[in-house]
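Values quoted throughout were computed directly from the atomic coordinates according to the rules given, and no laboratory measurement underlies them. Note that this is a predicted model, so its numbers are computed, not measured. Don't worry about glycine lacking a Cβ; one is built from the backbone with ideal geometry, like all the others, and counts go over all protein chains shown.
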């Protein structure tokens, strides 16, 4: 038992991390402009410029960001490796009168 009250058998039941060969940004070109990078990350262009200044993102000679560098940044700055699109929210969650997830048409 550990401090969380879990045995090694319980820990072996944890889900496997996502397959690293899965493209988490499908359909994007291999190189993105800072403006497109900001759009993908849902931040401002100024934020991307600060990320470049800090060294979080490394631009090429043209000032563009490679998709592989962007993916590495996203993976290193996520809170968990849980694919959000596959997870269903709890039944108790509703959004402004919207039907619960389990009641939505498939």
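With neighbour counts taken as other beta-carbon atoms within 10 Å, the residues 65, 74 rank, fewest first, as 74, 65.
Can you tell me which of 44-51, 56-63 comes out highest on packing, and rank the rest after it, using the mean Cβ neighbours within 10 Å?
On the way: 44-51: 15.1, 56-63: 11.9.
Packing order, densest peptide first, comes out as 44-51, 56-63.
As a proxy for reagent exposure, ranking 54, 75, 67 by other Cβ atoms within 10 Å from fewest up yields 54, 75, 67.
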